Amino acid sequence: MVRPFQAIFLGTLLFAVGHVAPALGGDDRWADFRFLIGSWVGEGPPAQGSGSFSLEPDLENKILVRRNAAYLPAAKSRPAARHEDLMVIYPDQAAKGFRAVYFDNEGHVIEYSVTSLPADKGLVFVSAAAPSTPRFRLTYIKTEGDKVAIEFEIAPPGQPERFKRYLAGTARRKQPVH
């Protein structure tokens with residue numbers, strides 16, 4: 001016989017499990033993104049800058065939200081700078097795929113289509129080609145352990161396939177604090 005306290009506890013536990021599992025990427029629609037869900041910190045020499053990002057489900061697991069912050073130390077030719085951006089990833093029912101919209105503290109807005117690399121190797125975000133604007137490509141590639149390689153490329157206006165690396169680096173998953 002289940003006592004009222006046990007029923008409340010069991011109900012609370014099942015409710016929590018039902019809400020925590022999707023928050024960890026348990027929803028099949030986010031299967032290709034699961035490797036990237038969590039908190040990450042950039043790797044590299046501090047003199048080149050530092051950064052971190054997170055990718056988390058939001059709005060009852062209907063979207064993913066990436067928040068990114070990067071800090072660049074002062075150099076001879078420029079002052080120290082802080083870059084922040086936010087990206088919202090969502091299912092595109094019409095295209096049967098995913099899209100993303102990016103905003104940053106410099107006023108940029110970029111709309112991306114999102115594709116998975118073969119064999120679950122990573123994700124590629126690509127903006128649409130337009131004759132008078134640059135085209136952008138952001139790639140996340142799974143590497144060993146809890147690491148990911150990141151590359152951001154830009155193609156000049158009128159040359160939508162001539163991507164050139166603008167930034168590249170690696171990040172490692174932050175370990176949860178117990």
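The values are calculated or read from the model by the stated rules, or taken from the named source; none is laboratory data. Because the structure is predicted, anything quoted here is derived from the model rather than measured. Cβ: placed from backbone, ideal geometry, glycine included. Neighbour counts: every protein chain shown.
A few remarks follow.
- If the condition is being free of Cβ contacts under 8 Å to residues at least 12 places away in the same chain and part of a strand (DSSP E or B), then the range 147-178 contributes only Lys164.
- Of the listed requirements (1) of a type outside the set (A, V, I, L, M, F, W, C); (2) assigned to a strand (DSSP E or B); (3) closer than 14 Å to Glu43 by Cβ, Glu144 misses just one: (2).
- The set of residues in the range 38-54 that are part of a strand (DSSP E or B), over 19 Å from Val109 (Cβ atoms) and either touching a helix residue (DSSP H, G or I) at 6+ places or on another chain (Cβ under 8 Å) or of a type in the set (A, V, I, L, M, F, W, C) (or both) comprises Trp40, Val41.
- Checking Leu167 against (1) within 19 Å of the chain's Cα centre (by Cα); (2) over 21 Å from Leu36 (Cα atoms); (3) loosely packed, with under 14 Cβ neighbours inside 10 Å; (4) of a type outside the set (Asp, Glu), the condition it does not meet: (2)
- Of everything in the range 124-164 that is in contact with a Phe, Trp or Tyr (Cβ under 6 Å, 6 or more places away or on another chain) and of a type in the set (Phe, Trp, Tyr), the residue that is surrounded by the most Cβ atoms within 10 Å (Cβ to Cβ) is Phe125.
- Scanning the range 131-176 for residues that are at pLDDT below 95 and among the aromatic types (Phe, Trp, Tyr) returns a single hit, Tyr166.
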